[in-house]
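The values are calculated or read from the model by the stated rules, or taken from the named source; none is laboratory data. Being a predicted model, the structure only gives us computed values, none of them experimental. As a convention, Cβ positions derive from the backbone with ideal geometry for all residues, glycine included, and neighbour counts pool all protein chains shown. The area values use the complete protein model at the heavy-atom level, side chains included, leaving out ligands, DNA and RNA. Shrake-Rupley method; radii C 1.70, N 1.55, O 1.52, S 1.80 Å.
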Amino acid sequence: MGHLVAVQQGICYQKAGLPPLINDDFFKKFMPGSKPDGAFSKDEIVHIKQLLVITLDQLETDYNNLVFGNYTAWFTRLGTKVTNIDDCLEFLSFHEKLHSGTIMALKRLGTN
């Protein structure tokens, strides 16, 4: 879930030349290509859950306030070109579904 926050901040805010809502250490820990370095404490899990809500709420506010006008185009690892915040949000939805499915599968494995 920390990865979902980091990616959202990277592709929505950093690609638009805006400062992310998370600190650099959090981003580095969960950025694309990162891997967990151990178990997370309950406090860390609570913090990540809070960030999921806070950053999504702020993204909606910022989108409605049209702050993403200076967006830099980029290509996903699948070769899809993302040229503006609307393309970005469409990709973000795909990305979150992909990882949410993995999280649910891992959760099921852990409860059997």
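Taking the conditions (1) part of a helix (DSSP H, G or I); (2) at pLDDT 95 or above in turn, ILE22 satisfies each one other than (1).
Matching residues to (1) exposed (fewer than 15 other Cβ atoms within 10 Å of the Cβ); (2) under 22 Å from GLY101 (Cα atoms); (3) over 11 Å from the mean Cα position of the chain (by Cα):
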residue: LEU4; (1), (2), (3): no, yes, no
residue: ALA16; (1), (2), (3): no, no, yes
residue: PRO19; (1), (2), (3): yes, no, yes
residue: LYS28; (1), (2), (3): yes, no, yes
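What number of residues in region 30-40 are surrounded by fewer than 11 Cβ atoms within 10 Å (Cβ to Cβ) and farther than 16 Å from HIS95 by Cβ? First the steps, then the outcome.
As a first pass, look at region 30-40 and keep what is surrounded by fewer than 11 Cβ atoms within 10 Å (Cβ to Cβ): 33, 35-39.
Still in the list and also farther than 16 Å from HIS95 by Cβ: 35-39.
Summing the residues that are surrounded by fewer than 11 Cβ atoms within 10 Å (Cβ to Cβ) and farther than 16 Å from HIS95 by Cβ in region 30-40 gives 5.
Of all the criteria given as (1) surrounded by 14 or more Cβ atoms within 10 Å (Cβ to Cβ); (2) closer than 16 Å to CYS12 by Cβ, the one not satisfied by GLU60 is (1).
Pairs are defined by a Cβ separation below 8 Å, a sequence spacing of at least 6 or placement on different chains, a first member in region 66-90 that is under 16 Å from GLN9 (Cα atoms) and assigned to a loop (DSSP other than H, G, I, E, B), and a second member that is open to solvent by 50 Å² or more (accessible area, probe 1.4 Å) and of a type in the set (D, E, K, R); the pairs so defined are TYR71/LYS15; THR72/LYS15; ALA73/LYS81. Restricting the search to region 26-51, which residues are assigned to a helix (DSSP H, G or I) and closer than 11 Å to ALA6 by Cβ? Scanning region 26-51 gives PHE26, PHE27, LYS28, LYS29, PHE30, ILE48, LEU51.
Taking the condition touching a Leu at 6+ places or on another chain (Cβ under 9 Å) and either open to solvent by 100 Å² or more (accessible area, probe 1.4 Å) or under 13 Å from VAL5 (Cα atoms) (or both), does LEU78 pass? Spelling it out, it is not the case that LEU78 is touching a Leu at 6+ places or on another chain (Cβ under 9 Å) and either open to solvent by 100 Å² or more (accessible area, probe 1.4 Å) or under 13 Å from VAL5 (Cα atoms) (or both).
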